1. In region 23-36, how many are farther than 13 Å from LEU68 by Cα and either surrounded by fewer than 18 Cβ atoms within 10 Å (Cβ to Cβ) or of a type in the set (Lys, Arg) (or both)?
2. In region 60-72, what residues are in contact (Cβ under 8 Å) with a residue 40 or more places away in the chain and open to solvent by less than 40 Å² (accessible area, probe 1.4 Å)?
3. Residues being charged (D, E, K, R) and within 16 Å of ARG70 (Cβ to Cβ): count how many of those fall in region 37-56.
4. Is there a residue in region 21-28 that is at pLDDT 90 or above, more than 20 Å from ARG58 (Cβ to Cβ) and of a type outside the set (Lys, Arg)?
5. Do we have any residue at all in region 38-53 that's out of contact with any Gly (no Cβ under 8 Å at 6 or more places or on another chain) and assigned to a helix (DSSP H, G or I)?
6. As an exercise: evaluate SER57 against (1) open to solvent by 70 Å² or more (accessible area, probe 1.4 Å); (2) in contact with a Lys or Arg (Cβ under 8 Å, 6 or more places away or on another chain); (3) small (Gly, Ala, Ser) and give the number of the one condition it does not meet.
7. Within region 37-47, how many residues turn out to be of a type outside the set (Lys, Arg) and open to solvent by 30 Å² or more (accessible area, probe 1.4 Å)?
8. Looking at region 1-22, which of its residues are basic (Lys, Arg) and open to solvent by 60 Å² or more (accessible area, probe 1.4 Å)?
Amino acid sequence: RHLIRESLASLEHRLAGDRFLRTHRSAIVNMDRVGEMRMESGEMVLVLQDGQRVPVSRRRRECVKEHLRRLK
């Protein structure tokens, strides 16, 4: 985690591209670090290679799934 005094919206804009993706209102993920995607208690999460879990909002699920399909 990093502390940056900038809105996620502006950070998302600066990081635009295939590598980083907004998965939730509180999370932007480096897609190179995603180990797997799974459902836990009805909620989708991305499990990173280091085991950390990142939430995926219902609104962004299809976009995240499509992005992961393109990376394979």
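1. Counting residues in region 23-36 that are farther than 13 Å from LEU68 by Cα and either surrounded by fewer than 18 Cβ atoms within 10 Å (Cβ to Cβ) or of a type in the set (Lys, Arg) (or both) gives 4.
2. Hits for region 60-72 are VAL64, HIS67.
3. 0
4. no
5. No, region 38-53 contains no residue that is out of contact with any Gly (no Cβ under 8 Å at 6 or more places or on another chain) and assigned to a helix (DSSP H, G or I).
6. SER57 satisfies all of (1) open to solvent by 70 Å² or more (accessible area, probe 1.4 Å); (2) in contact with a Lys or Arg (Cβ under 8 Å, 6 or more places away or on another chain); (3) small (Gly, Ala, Ser) except (1).
7. Matching residues across region 37-47 total 6.
8. ARG1, ARG5, ARG14, ARG19 - these are the residues of region 1-22 that are basic (Lys, Arg) and open to solvent by 60 Å² or more (accessible area, probe 1.4 Å).
The values are calculated or read from the model by the stated rules, or taken from the named source; none is laboratory data. The structure displayed is predicted, hence computed values, not measured ones. All Cβ positions, glycine included, derive from the backbone under ideal geometry; neighbour counts span all protein chains shown. Accessible surface areas use protein heavy atoms only, side chains included; no ligands, DNA or RNA. Shrake-Rupley method; radii C 1.70, N 1.55, O 1.52, S 1.80 Å.
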